[in-house]
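One structure is given here, and the rest of the page talks about it.
The values are calculated or read from the model by the stated rules, or taken from the named source; none is laboratory data. Since the structure is predicted, the reported quantities are computational estimates derived from the model, not experimental observations. Every residue, glycine as well, gets a Cβ built from its backbone with ideal geometry; the counts of neighbours run over all protein chains shown. The area values use the complete protein model at the heavy-atom level, side chains included, leaving out ligands, DNA and RNA. Shrake-Rupley method; radii C 1.70, N 1.55, O 1.52, S 1.80 Å.
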4 protein chains.
Amino acid sequence: MSFNTFGHMFRVTTFGESHGVAIGCVVDGCPPLIPLDVAEIQRDLDRRRPGQSRFTTQRQEPDAVKILSGVMAHPETGVQVTTGTPIALLIENTDQRSKDYSEIKDKFRPGHADLTYEAKYGLRDYRGGGRSSARETATRVAAGAIARKILPEVKVRGALVQMGPHKIDRGKWDWDEVARNPFFCPDKDKAAFFESYLDGIRKSGSSIGAVLEIVAEGVPPGLGAPIYAKLDSDLASAMMSINAVKGVEIGAGFGAAELSGEENADEMRTGNNGTRFLSNNAGGILGGISTGQPVVVRFAVKPTSSILTPRRTVDRKGADTDILTKGRHDPCVGIRAVPVGEAMMACVLADHFLRDRGQIGR
Amino acid sequence: MSFNTFGHMFRVTTFGESHGVAIGCVVDGCPPLIPLDVAEIQRDLDRRRPGQSRFTTQRQEPDAVKILSGVMAHPETGVQVTTGTPIALLIENTDQRSKDYSEIKDKFRPGHADLTYEAKYGLRDYRGGGRSSARETATRVAAGAIARKILPEVKVRGALVQMGPHKIDRGKWDWDEVARNPFFCPDKDKAAFFESYLDGIRKSGSSIGAVLEIVAEGVPPGLGAPIYAKLDSDLASAMMSINAVKGVEIGAGFGAAELSGEENADEMRTGNNGTRFLSNNAGGILGGISTGQPVVVRFAVKPTSSILTPRRTVDRKGADTDILTKGRHDPCVGIRAVPVGEAMMACVLADHFLRDRGQIGR
Amino acid sequence: MSFNTFGHMFRVTTFGESHGVAIGCVVDGCPPLIPLDVAEIQRDLDRRRPGQSRFTTQRQEPDAVKILSGVMAHPETGVQVTTGTPIALLIENTDQRSKDYSEIKDKFRPGHADLTYEAKYGLRDYRGGGRSSARETATRVAAGAIARKILPEVKVRGALVQMGPHKIDRGKWDWDEVARNPFFCPDKDKAAFFESYLDGIRKSGSSIGAVLEIVAEGVPPGLGAPIYAKLDSDLASAMMSINAVKGVEIGAGFGAAELSGEENADEMRTGNNGTRFLSNNAGGILGGISTGQPVVVRFAVKPTSSILTPRRTVDRKGADTDILTKGRHDPCVGIRAVPVGEAMMACVLADHFLRDRGQIGR
Amino acid sequence: MSFNTFGHMFRVTTFGESHGVAIGCVVDGCPPLIPLDVAEIQRDLDRRRPGQSRFTTQRQEPDAVKILSGVMAHPETGVQVTTGTPIALLIENTDQRSKDYSEIKDKFRPGHADLTYEAKYGLRDYRGGGRSSARETATRVAAGAIARKILPEVKVRGALVQMGPHKIDRGKWDWDEVARNPFFCPDKDKAAFFESYLDGIRKSGSSIGAVLEIVAEGVPPGLGAPIYAKLDSDLASAMMSINAVKGVEIGAGFGAAELSGEENADEMRTGNNGTRFLSNNAGGILGGISTGQPVVVRFAVKPTSSILTPRRTVDRKGADTDILTKGRHDPCVGIRAVPVGEAMMACVLADHFLRDRGQIGR
């Protein structure tokens, strides 16, 4: 990962600010002849789109994506396919409200990147967070939709598994439930609880953190390239690059610190389709290489920093002041990070699939 | 990070297997004219060296490092300095016991990279784990010693903060204590407890996980390059690439998921030397860029997979079998990962320091 | 250089096909606070634009560039400046004639990339050459305009120095002359000759090759990073990546093969501003690092492969056939490569300037 | 190419100075299970080794290469094969004469990298040229020997085609002749001429330039990744990175500038094994992608800058002075660059083969 590009063989470069002309990305290295319709990308984008419930920011934007390059109608079949050249995707910004930025223009919002962008670049785009806005993640979701097409046999799904201190009951995990509530929550009962819980937080103008889990099933063994291109290392990097993420773990994760060697190491037995593991504390990765088991990643998202309580801060001149950030925002930004996490998982797997195929020649 | 190289401006390429001729690394992109003595590198290596207590593997190896290139006596001062060309470091393997590998040669050890290397490459170096051995981390420590010299004003220190379910008392944190016990533990009382606790685990032939914390003080604000070269993203990648690591978190980390926006976002006040933060849940990083506060990273290390209890597994032919991995090994591999984590932190910071200087021109 | 991205610190990613929706690029790593107006980019684009004389393709396109991201009005001065985040540039395609492609759709044009794209990707965008069209070079020119702003003290200029077998008289070199004729020719007399010479070629439906020279003055000593990021190595790569280029040379170039050591090695004497070289056979580069002298690169451009003479070829089914490529095209594509060569020189120098600053800390 | 590493999937990192402890390289990304014996690497090194005739430097060094990692005996066949992990190669320096460097320590030799290393790094390793010595190219030859093993069906050969103003007669080209004379010259008569010609130059203490040609036969169509990873672009970069190279051309090269479209574009006819080209002005590459024809690259090597005639220069203090560089050196450094050019060709092809396989999945 380097500046605004990630991936080695499957490379994604993103650009754009929250309130600029447009955001977008260039997907490079995609194999040719893969059927790709803009509707497939739009479908994933729609899952991430804000304004779909009272629990996400009320920014109303269609997030309509356009494909600018890299596809054409196949000369024989007429089906639109990738050509092997860079696929540029564009999403125009249409709901940049011409609001009054005087409050935040000169003050650093606690928990935001205001102070650090200013420290690094000598200025910052204060309009909607500029480049540091979560709006950038829409372009990742778009890229992820292409990555999924490279690995049709791999199923990448995500879910919210914790909100504040409240964890889901893993025994009640139902993937079908995820699409039925606004929290991407696989536990029906907990989803019902989150509705009132988050309403309370929302009404009080506060916010809360969350933990998400992304699972990839059908990943072939052998993906990942030790030592410094380990699959888990690249997944950690990918997830940590998502806005507001403060922690990443694989399989048993931090819980592994409390386990004994007997409890942790997954035993093996011969199965119908090769080796069968008796547990998956490894999260599908050993020595940085996929085992063939589901790849399981979790990440923690901090609470939205924009809240309705006045906070102590400093302004650009270095004077003490207070700030209260009004306006639309999510009481739990973690919710909408589910499609983003899925997209990053899909991109990392696609990249490693191509790299593995290059070196090994499967 | 790409195959066996990490970093962009400060680039480290490592090579070597546990029981081969030698291990080593090439450090490229180091600024010139930095005084560098082999003793400074050796000092860091000695902190990681096994066999220093009964709690680490009894492999007896001096791990004597040689500098092959990239330094010379300064023509005026005579002091040995870097020349700006690649610095190659070599550590010869001297204690590769000619032991009997017949037990592990054809069986996949649970929790080890045996199955995955075989799945990827079609063969694996079964002698001491080959490339997947933790021995590789010695080369990172060597590289980290050079990285530290690039940022003399930054203090990178690490400590063990949890072993099994037992966490240290953070109120008793004393950095001086870290060097006084074999656990790199900053809490004197807990260190005493770990002595008997780990003895019990060691004697029973079992193992246990751990959590380590690495802290970098004196990091200037502005390091890190959004969106895909965020400082926290690169740190996550760096730490997750260390053998046996299953989770990484920054600042409040997974704990941030349980916090409200009021609790989490660090407030600011004007201080004597610029902005003063009233807390450090951010772990010194906002929007992927350093704030000037201490950079705080924690990572979880799983328990050693080589234990004295027979385990179910399969062999290379796909038949069910059992395995028991005798021989020298650490009851808690997390212990020796402290110098490794410090080295990775130092390398990531040095890389970002040079990248930031390149783009911004400080 | 990797797929559709070049540069390390100053990184340019381009996308788009000749007859698609749009072409464009993302410029990443640009320092912040550099004044940048879209008119400055447009000015360079206009120099490359086709249809300005009877000697270039009659494609009529304004090539109007838009800045999508990475700039904002400076909060204090109001001047539009770079923000340090990726600068996306877009040029919409407006003159994609809906011509009849049946002739070339199934036949491989000799000298074009038709056969090779088909061999690699299994299909090719036959509309106007798709991705292999020289139209892509417009995006390089746009990126180069930004690169020039990073190095305001460096003057990058280019000229045509040979057309077919006819070389200019270097004694008559006048930089001001370059803008006064449609050939970018610095020799007034030769420019007059080229007018009738190229008219003859154009009318006969033929084409001819050319040699261009790009000179960068004011390049500070010390740019370039041996061994595999030598300044000349990166310039060779950059120039060879331009469509139709078949050779690149630095300073004395191929002529150096005929020189003796006495003739070739540039002697030095103390000058007013540091070292003064008595000749510049090195082309401003020794050991891959700039000397402070003008950096001089020449490259050979082959003749346009689309000509009005029927040519022997094969079709997609593998059958022998003939082809005659009608339609607008340049009798000497080399002409319009001058702004492209300048842009590549500017980009390479900007990249090395930032890399050098990063490692050395000037 | 980046600092001291080149290649993307097949990556080579080199290190070491002329008169340091050792030189070497790390070859990363090599596919596993490729038989590799140290003798195969040594064979290529021996072709480059100095001191084999009176026309090359009299440095007497065995250049014995050692493999430090990345290979093992195959568990079933016992044959030594690659493991897919980094292959480190080491060549110890044994003939670093403890000569008196006082003459060159403080003076900048014209045509050498002395001034530029000093300008960039603030110091330089004056012992035998340090990092800028052609000795570094031995490590490329070693890496190239591995690259050849990845593409056993590709035959990479090189020859000297011009010395000073004297070109070979291409009609007399005989590949077998190359190994029979000390010039790598494929024209027997010209080789006889070069013997007396170069003797004259050698005895007068002068030197002369040369042009080399590297040909790769059996390259499959489809290698190369437009736009910025074109095969010719990467070859240009690779050849230009070789010491003393000042120009690179593909196929007709600079000669293409003098051709008409009719003369230049290679016509096609159906052949027994796919498409047959009627000429090869393209040098086997169209649009940056291999055509299946032989890939043909030529490069110009400047004359050795170390000659026995006093030359005007400046010293480190900036004072005018003269210099005469005594000691062993080659009257025509171009000669020994033949195995180096072959190695770079092999490495670039191997890299592109793996990258193509990754993206396309052949």
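Against chain B, whose longest principal axis comes from its Cα atoms, helix B:337-360 is set at around 40 degrees.
Could you sort B:Tyr101, C:Tyr121 by their accessible area in this structure, using a 1.4 Å probe and putting the largest first?
Numbers: B:Tyr101 30, C:Tyr121 5 Å².
Output order, biggest surface exposure first: B:Tyr101, C:Tyr121.
The figure for C:Arg170 is an accessible area of roughly 120 square angstrom, using a 1.4 Å probe on the protein chains alone.
Distances between copies of D:Asn280, taken at a point 7 Å out from Cα along the Cα→Cβ vector and listed shortest first: 3.7, 5.3, 6.4 nm.
In the calculated pair-distance distribution of the range A:252-349, the portion above 21 angstrom amounts to 59 percent of the Cα-Cα pairs. Using the Karplus relation 6.51 cos²θ - 1.76 cosθ + 1.60 with θ = phi - 60°, the per-residue 3J(HN,Hα) values for the range C:221-226 come to x, x, 7, x, 10, x Hz, with x marking Gly and Pro. Taking Cα atoms, how many degrees apart are the long axis of helix A:188-203 and the longest axis of chain A, rounded to 10 and kept between 0 and 90? Approximately 20 degrees, to the nearest 10. A crude spin-label estimate for the pair B:Thr94 and A:Trp175, with each label 7 Å from Cα along the Cβ direction, gives 5.5 nm. Just checking the listed ones, C:Lys230, C:Lys326, C:Lys188: in the Gaussian network model of chain C with Cα springs under 10 Å, the one fluctuating most is C:Lys326.
On a per residue basis, the convex hull of the C-alpha atoms belonging to chain C measures out at 159 Å³.
Excluding ligands, DNA and RNA and using a 1.4 Å probe, chains A and D jointly bury around 1000 Å² of accessible surface, summed across both partners. Under conditions of 25 °C and 0.890 mPa s, the protein assembly as shown yields 75 µm² s⁻¹ as its translational diffusion coefficient, taking Rh as the Kirkwood radius over Cα pairs in the Stokes-Einstein equation. Comparing mean-square fluctuations of D:Asp114, D:Asp320, D:Asp106 from a GNM of chain D with C-alpha springs under 10 Å, the top value falls on D:Asp320.
Projecting the Cα positions of C:Val338, C:Val295, C:Thr270 onto the charge dipole of the range C:261-347 (unit charges on Cβ atoms of Lys, Arg, Asp and Glu, taken about the Cα centre) puts C:Val338 furthest along the positive direction.
Taking the Cα centre as origin and putting +1 on Lys and Arg beta-carbons and -1 on Asp and Glu beta-carbons, what dipole magnitude results for the range A:122-229, to the nearest 20 debye? Each step should come with its number before you reach the end.
On the way: 17 positive and 13 negative charges, 92 e Å.
Dipole of the range A:122-229, to the nearest 20 debye: 440 debye.
Between this copy and the others, label points of A:Arg269 are 6.2, 6.9, 9.0 nm apart in ascending order, each placed 7 angstrom from Cα in the Cβ direction. Using 1/(1 + (r/R0)^6) with R0 = 56 angstrom and r between the beta carbons of D:Phe193 and B:Asp320, what's the FRET efficiency to the nearest 0.05? Computed FRET efficiency for D:Phe193 and B:Asp320: 0.15. For the range A:251-330 versus the range A:339-354, the inter-centroid distance based on Cα atoms is 16 Å. Have a look at A:Leu259, A:Val314, A:Ala236 and report the one farthest towards the positive end of the charge dipole of the range A:225-330, computed about the Cα centre with Cβ charges (Lys/Arg +1, Asp/Glu -1). Ranked along the dipole, the leading option is A:Val314. Per residue, the range A:136-249 exposes 30 Å² of solvent-accessible protein surface, assessed with a 1.4 angstrom probe and all protein chains in place.
My understanding is that a pair violates if its Cα-Cα distance is over 20 Å; which of A:Lys149/A:Lys230; A:Lys120/C:Lys66; A:Lys105/A:Lys317; C:Lys66/C:Lys149 do that in this structure? List each step's numbers first, then the result.
Working: A:Lys149/A:Lys230 23 Å; A:Lys120/C:Lys66 26 Å; A:Lys105/A:Lys317 12 Å; C:Lys66/C:Lys149 17 Å.
Pairs exceeding the cut-off: A:Lys149/A:Lys230; A:Lys120/C:Lys66.
Take A:Trp173, push a point 7 Å out from Cα through the beta-carbon direction, and compare it with the same point in every other copy: 3.4, 6.4, 7.0 nm, smallest first.
Phi angles across the range D:301-309 convert, under the Karplus curve 6.51 cos²θ - 1.76 cosθ + 1.60 with θ = phi - 60°, into 3J(HN,Hα) values of 10, 6, x, 3, 7, 7, 9, 8, 9 Hz, Gly and Pro given as x. Here chain D is treated with +1 on each Lys and Arg Cβ and -1 on each Asp and Glu Cβ, and its dipole about the Cα centre works out to around 840 debye. Measuring from each Cβ of chain A to the axis carrying A onto C, the nearest residue and its distance in whole Å come out as A:Thr13, 2. From the alpha carbon centroid of the range B:154-216 to that of the range B:32-90 is 27 Å.
Computed over all pairs of different Cα atoms, the Kirkwood value for the hydrodynamic radius of the range B:125-252 is 16.9 Å.
Within the listed set A:Leu123, A:Leu36, A:Leu160, the residue fluctuating most in the Gaussian network model of chain A (springs between alpha-carbon atoms under 10 angstrom) is A:Leu123.
How large a share of the accessible area of the range A:1-58, in percent, is made up of carbon and sulfur atoms when the probe is 1.4 Å and the other protein chains stay in place? Summing carbon and sulfur atoms, their accessible area is 55 percent of the total for the range A:1-58.
Each Lys and Arg contributes +1 and each Asp and Glu -1, all at the Cβ; summed about the Cα centre of the range B:35-84, the dipole is approximately 360 debye.
From its DSSP helices (H runs of at least four residues, each -39,500 (n - 2.57)), chain A gives a residue-normalised ellipticity at 222 nm of -7500 deg cm²/dmol.
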